[in-house]
1. Taking Phe289 as the residue in question, decide whether it is closer than 27 Å to Gly123 by Cα, open to solvent by 60 Å² or more (accessible area, probe 1.4 Å) and not in a helix (DSSP H, G or I).
2. Kindly indicate whether any position in the stretch 342-351 is surrounded by fewer than 17 Cβ atoms within 10 Å (Cβ to Cβ), touching a strand residue (DSSP E or B) at 6+ places or on another chain (Cβ under 9 Å) and among the polar types (S, T, N, Q).
3. Quick check on this structure: which one of Val228, Val253, Val247 is open to solvent by 30 Å² or more (accessible area, probe 1.4 Å), at pLDDT 85 or above and either outside any loop (DSSP other than H, G, I, E, B) or over 28 Å from Tyr354 (Cβ atoms) (or both)?
4. Quick check on this structure: which one of Val320, Val278, Val264 is within 29 Å of the chain's Cα centre (by Cα), modelled with pLDDT of 80 or more and either over 20 Å from Pro394 (Cβ atoms) or charged (D, E, K, R) (or both)?
5. Taking the criterion of being within 22 Å of the chain's Cα centre (by Cα), closer than 26 Å to Phe336 by Cβ, small (Gly, Ala, Ser) and modelled with pLDDT under 80, would at least one residue in the stretch 47-56 satisfy it?
6. Exactly one condition in (1) at pLDDT 85 or above; (2) in contact with a Ser or Thr (Cβ under 9 Å, 6 or more places away or on another chain) is false for Tyr128; which is it?
7. Note down all Cβ pairs under 9 Å where the first residue falls in the stretch 332-343 and is within 15 Å of Leu262 (Cβ to Cβ) and of a type in the set (D, E, K, R), the second is surrounded by fewer than 16 Cβ atoms within 10 Å (Cβ to Cβ) and modelled with pLDDT under 85, and they're at least six residues apart or on different chains.
8. Enumerate the helices (runs of 4 or more DSSP H) found wholly within the stretch 1-107, keeping only those where 2 or more residues are more than 30 Å from Met435 (Cβ to Cβ).
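The values are calculated or read from the model by the stated rules, or taken from the named source; none is laboratory data. Note that the coordinates shown come from a computational prediction; the quantities given were computed from them, not determined experimentally. Cβ atoms come from the backbone with ideal geometry, glycine included; neighbour counts cover every protein chain shown. SASA here: full protein model, heavy atoms, side chains in, ligands and nucleic acids out. Shrake-Rupley method; radii C 1.70, N 1.55, O 1.52, S 1.80 Å.
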Amino acid sequence: MNLVEALINAIRLPELRNKILFTGGILVVFRLFANIAIPGAKQSALSLLFNQQALLGLLDLFSGGGLSRFSIVAMGMNPYINATIIMQLMTVISERIKEIQKEGEAGRRRIQRWSRYLTVALGAGQGYGFTVLFQNTSPAILPALDWFQRLQIIMVLTAGTVMLMWFGELITEYGIGNGVSLIIFAGIIGRGPQGIASVFSAHSTGGGLADYVPFIIFGAIALIMTAVIIEVQQATRKIPIQSAQRVAGGREVGRRASFLPLRVNHAGVIPIIFAISVMFLPTIVANYFNAAPPDTWYYRAAHWIQGNFAPDTPNLPMAVTYNALYFLLTFGFTYFYTAITFDVNDVADNLKRYSSFIPGIRPGPPTAYYLQQVMNRVTFVGAVFLGFITVILPIATAKISGIPHQQMYLGGTAILIVVGVALDTMKQLQTQLVMRQYRGFIK
């Protein structure tokens, strides 16, 4: 069953139809807010900055174009995603938070409440960073601000993030799919026509068919990468699992064979978000020193970072260093996040608790060691894949097609998000349909 067929079948059922309409309505409201700009920002200066900074384009991707317009939802879901990641890290660092997580629904709600508070704090900090960044660009995007005007902008940006966080939770609870993922998905799809049209207009010189050759090449690469991403997103390493026999009611039961699926790309796009945050930090810090005296060392250091710390800088050794560092961060964060979200010791304990085992592997620590070895090999493929999608693919596509990767709307990260969310939503929709078919059969 494909996505279109699943949607048609879902629309026929009143309950699922209401869920789909509710989800669509929330996403439409989000797109309306993404087009309400904060007064005072110069759009021409914004466009110039985003054409120069590739990482800002990726941050704009996660906000659905809100950052390039400096709208009230300019920060998108980034503070909420970062807050959620930090709380997941805390479950590893703090034994107390790990115990709270194991308390079931009550513990989950408590950690979720802490994530919301942290979202507000991170949103305020990121809002302040953007006001400073946009004031110190050349030409300046924002005019000189007093403390009250700056506070107003920070409060509006933070409120926009909190509103999107609420929208995501509403979709997850009352709609179809994961709310946060769908909001990012809607942002990418919503700004698609405008992004593609701007690239066409920038490269259209009246040369006839020659104008369309780069776009044909780019489209072919996008189609091939879409197929590759679908395969990798669905790829799993199946570990055979067998349940031991046990006696119940005078009969032997159990002895079932199944498998434990280990996803190749277990971390999703989270490592990319981590890497973007780290790589963009030096540029944000450097912009703080734009107003410093020109004869100071920190002004010269900040000026050097602004001119050389970029993926496409004319300084070739620095460009290679930058992209290599970006790749290594994405690669390393993939292992890091996978180790946090997939605890092999917990999996081994659960298998032992339910009288299950991996054939040829003793239960307990040997099982955990075996799973760790397999997961390391599987994650290596996923980490290389994410690094290729994030760093190598945009550079290679720019060289082959001739389109600068700052102007590439459908980059590898965008395709990865769109395909991943579409597959996940389709699976949830099919699960809902199967549940209702069984329910109708029982009735």
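1. So Phe289 fits the description; yes.
2. Among the residues of the stretch 342-351, at least one is surrounded by fewer than 17 Cβ atoms within 10 Å (Cβ to Cβ), touching a strand residue (DSSP E or B) at 6+ places or on another chain (Cβ under 9 Å) and among the polar types (S, T, N, Q), which makes the answer yes.
3. Answer to the selection: Val228.
4. Step by step, each of Val320, Val278, Val264 is checked, and only Val264 is within 29 Å of the chain's Cα centre (by Cα), modelled with pLDDT of 80 or more and either over 20 Å from Pro394 (Cβ atoms) or charged (D, E, K, R) (or both).
5. Checked against the condition, which is being within 22 Å of the chain's Cα centre (by Cα), closer than 26 Å to Phe336 by Cβ, small (Gly, Ala, Ser) and modelled with pLDDT under 80, the stretch 47-56 yields at least one hit.
6. All conditions are met except number (2).
7. Between residues of the stretch 332-343 that are within 15 Å of Leu262 (Cβ to Cβ) and of a type in the set (D, E, K, R) and residues that are surrounded by fewer than 16 Cβ atoms within 10 Å (Cβ to Cβ) and modelled with pLDDT under 85, the close pairs are Asp343/Val92.
8. Where helices (runs of 4 or more DSSP H) fall fully within the stretch 1-107 and carry at least 2 residues being more than 30 Å from Met435 (Cβ to Cβ), they are 14-33, 43-52, 54-62, 66-69, 78-93, 95-101.
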